[in-house]
Amino acid sequence: MRYEGDIYRPPGEWKSYLLQCTVGCSNNTCTFCSMYKAKRYHIRPLEDVLEDIQMAKNTFYRSTETVFLCDGDAIDLPVEYLLAVLRALYDAFPNLRRVTTYAGPLSTLRKTPEELRTIRQAGLQRAYLGVETGDDALLRHVKKGVGADGMLRAGQNLVAAGFDLWAIVITGLEGGGREALERNAALTARMVNEMVPKHLSSMTLMPVEGTPLYEEVRRGELTLQTPFESLLETRELVRQIELEDLHYTSNHASNYLPIKGTLTRDRDKIIAMLDDVIARQDASRLRDDIYRGL
């Protein structure tokens, strides 16, 4: 396989064949993200991608069941390009069950509803959307490229087109303090409830050196949450989710406490666990910082 630069994927795609269609991210302005800063965004030549599929076919003909389209935002690809890639993938791998990608809100909004339905029906099944927060001002501050209305519309468009939507949020973007975290949790829960994804993951903010957000922290303009404030925000987010059968995870390496369940079925159990850890202020139950990462 041929790759340009570092390659990233969602945790759940660890078994997937990673096919690089774009290099970098079409937005690449988020103040908290360092993943694609060393890359100039561009689309790889289609013939190179199709050659990569044939190389993978020669090695992983029957074992490939899932494929993740890299880099940061394959939903930005022209429709005909995506259709050619999807046809080649399903022709190459007889046991292929699912093709997935990250989706940026701006690139999603640039696609018409008909275009989204077309690529979904062609076999692009799951989209991972970095929602981050439901706070309009905060989305604009971290330079996601859209405000809350645009983010919500992007997610709803993917759902309406039939995508298996996996939304990702970040606790702690608003900084420390109970009032701030309660507000952010409420706004984010409201967006999730209106977006109706099938999956929701919450990560914990970890400032990365070299990013604008890291510099905000260094200058004292952003105060990081304590571990127990992070858990409290997670509690408030879970408490206010109203969706039935929502697959929820907070077990990324950045999180202090691994959580996994189905909302609203497991909500009381999750809240009880969080309440116990928060009340006891028991740091021994938290993931040590040396084991946390992005």
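Read-outs throughout are calculated quantities, based only on the coordinates presented, and are distinct from any laboratory measurement. Predicted model only: the values in this text are computed from it and were never measured. With ideal geometry, Cβ positions are generated from the backbone for all residues, glycine too; neighbour counts draw on all protein chains shown.
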- Using a cut-off of 15 Å between alpha-carbon atoms, which aspartates and glutamates can reach Lys37, once sequence neighbours fewer than 8 places away in the same chain are excluded? Glu4, Asp6, Asp71, Asp73, Glu209
- Query: So what is the calculated 222 nm ellipticity per residue for the chain, using -39500 (n - 2.57) for each DSSP H run with n of 4 or more, over all residues, to the nearest 500 deg cm²/dmol?
  - Reply: -12000 deg cm²/dmol
- Cys residues of the chain with no disulfide-compatible partner (no other Cys Cβ under 4.7 Å) are Cys21, Cys25, Cys70
- Task: Identify, among Thr29, Gly134, Leu18, the residue whose Cα sits farthest towards the positive end of the charge dipole of the range 11-281, taking +1 on the Cβ of Lys and Arg and -1 on the Cβ of Asp and Glu, with the dipole about the Cα centre.
- Result: Leu18
- Message: Shape verdict for the range 1-100, please, from the Cα gyration tensor: rounded (a/c under 1.5), prolate (a/b greater than b/c) or oblate.
- Response: prolate
- Message: Past 23 Å, Cα to Cα: identify those pairs from Lys15/Lys198; Lys57/Lys260; Lys15/Lys269, in the order given.
- Response: Lys57/Lys260; Lys15/Lys269
- Message: Placing unit charges on C-beta atoms (Lys and Arg positive, Asp and Glu negative, everything else neutral), compute the dipole magnitude of the range 68-180 about its Cα centre in debye, rounded to 20.
- Response: 240 debye
- Message: Using square roots of five times the C-alpha gyration tensor eigenvalues, list the equivalent-ellipsoid semi-axes of the range 232-294 in whole Å, biggest first.
- Response: 21, 14, 8
- Message: Using a 10 Å cut-off around each Cβ, can you sort Ile259, Ile119, Ile43, Ile290 from fewest to most neighbouring Cβ atoms?
- Response: Ile290, Ile43, Ile259, Ile119
- Summing +1 per Lys or Arg and -1 per Asp or Glu among the other residues with Cβ less than 15 Å from Tyr8's Cβ gives -2
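What is the range 45-93 by shape, rounded, prolate or oblate, if you read a ≥ b ≥ c off the alpha carbon gyration tensor as root eigenvalues and call it rounded for a/c under 1.5, prolate for a/b larger than b/c, and oblate otherwise?
Note, shape of the range 45-93 comes out prolate.
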- Message: Using the basic label-point model (7 angstrom from Cα toward the beta carbon), what is the Arg219 to Lys15 distance in nanometres?
- Response: 4.6 nm
- What FRET efficiency would be calculated for the residue pair Glu4, Arg285, taking the C-beta separation as r and a Förster radius of 35 Å, to the nearest 0.05? 0.25
- Task: Have a look at Leu50, Thr108, Leu124 and report the one farthest towards the positive end of the charge dipole of the chain, computed about the Cα centre with Cβ charges (Lys/Arg +1, Asp/Glu -1).
- Result: Leu50
- Task: Report the one residue of Leu86, Pro227, Ile75 whose Cα lies farthest in the direction of the positive end of the charge dipole of the range 11-281 (charges on C-beta: Lys and Arg +1, Asp and Glu -1; origin at the Cα centre).
- Result: Leu86
- With +1 on the Cβ of every Lys and Arg and -1 on the Cβ of every Asp and Glu, the dipole magnitude of the range 11-281 about its Cα centre, in debye rounded to the nearest 20, is 400 debye
- Query: Given 0.36 nm per residue, what is the gain on full extension from Asp91 to Glu209 after removing their alpha carbon distance, in nm?
  - Reply: 38.2 nm
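Can you tell me how the range 124-257 classifies by the Cα gyration tensor, rounded, prolate or oblate, using a/c under 1.5 as the rounded cut?
It comes out prolate by the Cα gyration axes.
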- Message: Given a Förster distance of 51 Å, report the FRET efficiency between Arg62 and Ile271 from their Cβ-Cβ distance, rounded to the nearest 0.05.
- Response: 0.70
- Task: For a footprinting-style exposure proxy, rank Arg280, Arg219, Arg98, Arg44 by other Cβ within 10 Å, fewest first.
- Result: Arg219, Arg280, Arg98, Arg44
- Dipole magnitude of the range 185-261, debye to nearest 20 (Cβ charges: Lys/Arg +1, Asp/Glu -1, about Cα centre): 140 debye
- Computed D for the range 11-281, Stokes-Einstein, Kirkwood radius over alpha-carbon pairs, 20 °C, 1.002 mPa s, to the nearest µm² per second, is 111 µm²/s
- Loop-resident sites, the range 52-92, for chymotrypsin sites (Phe, Trp or Tyr not before Pro), counting at most 12 other Cβ within 10 Å (DSSP): Tyr61
